[in-house]
Amino acid sequence: GMSGAFGVCLPLGALIAIKLRRFEDLRRTRALILHAFVQTLGMCCFSVGFFAIYENKVRKGSEHFTTVHSRFGMATLLVSVFGAVAFGVVGFRKTGVAKVAKMSEHAVAQTKKWHRNSGTTVVLLSWVTITLAFH
């Protein structure tokens, strides 16, 4: 779950996004779809891993979010959902959100910037969280 999400899917999706920026044609659209698919798969892996860990603690009667690792994990989750995912869905015109909301070009550009910055933050937070898992 968590290893698949933060060790494979989310970094791979970020690399796909970085590489696609140089394209302006159908390849860019295909790469964006692949980026969204890989990131969605990563979030699914994250959800499964989070649920398994949470339920295991419930069964054992342990408290939640007591370690530095778990707190960084929660921060990673929050930035993932409220930063990267939300800005990605809102700022991508093909989803219809930017179009339906009649967002200006400037607002779309700002949203994409926030999406990229929060995505970078997720990758960095996940590396810290993974490192803390070994302590």
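The values are calculated or read from the model by the stated rules, or taken from the named source; none is laboratory data. Predicted model only: the values in this text are computed from it and were never measured. Neighbour counts are summed over all protein chains in view; Cβ atoms, including those assigned to glycine, are modelled from backbone coordinates with ideal geometry. Keep in mind that these areas ignore ligands, DNA and RNA; they rest on the heavy atoms of the full protein, side chains included. Shrake-Rupley method; radii C 1.70, N 1.55, O 1.52, S 1.80 Å.
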Notebook entry, point to check: Residues of segment 1-43 being of a type in the set (Phe, Trp, Tyr) and under 22 Å from Thr129 (Cα atoms), which ones?
Noted result: Phe6
Notebook entry, point to check: Going through segment 78-113 one residue at a time, which ones are within 20 Å of Gly42 (Cβ to Cβ), open to solvent by 60 Å² or more (accessible area, probe 1.4 Å) and in contact with a Gly (Cβ under 9 Å, 6 or more places away or on another chain)?
Noted result: Phe87, Thr95, Lys112
Notebook entry, point to check: Which of the residues spanning segment 4-63 are in a helix (DSSP H, G or I) and of a type in the set (Lys, Arg)?
Noted result: Lys19, Arg27, Arg28, Arg30, Lys57, Arg59, Lys60
Margin query: I'd like to check something: does segment 36-45 contain any residue that is farther than 23 Å from Trp127 by Cβ and surrounded by fewer than 15 Cβ atoms within 10 Å (Cβ to Cβ)?
Written below: no
Notebook entry, point to check: Going by the conditions given, is Ser126 on the phi < 0 side of the Ramachandran plot, open to solvent by less than 60 Å² (accessible area, probe 1.4 Å) and in contact with a Phe, Trp or Tyr (Cβ under 7 Å, 6 or more places away or on another chain)?
Noted result: yes
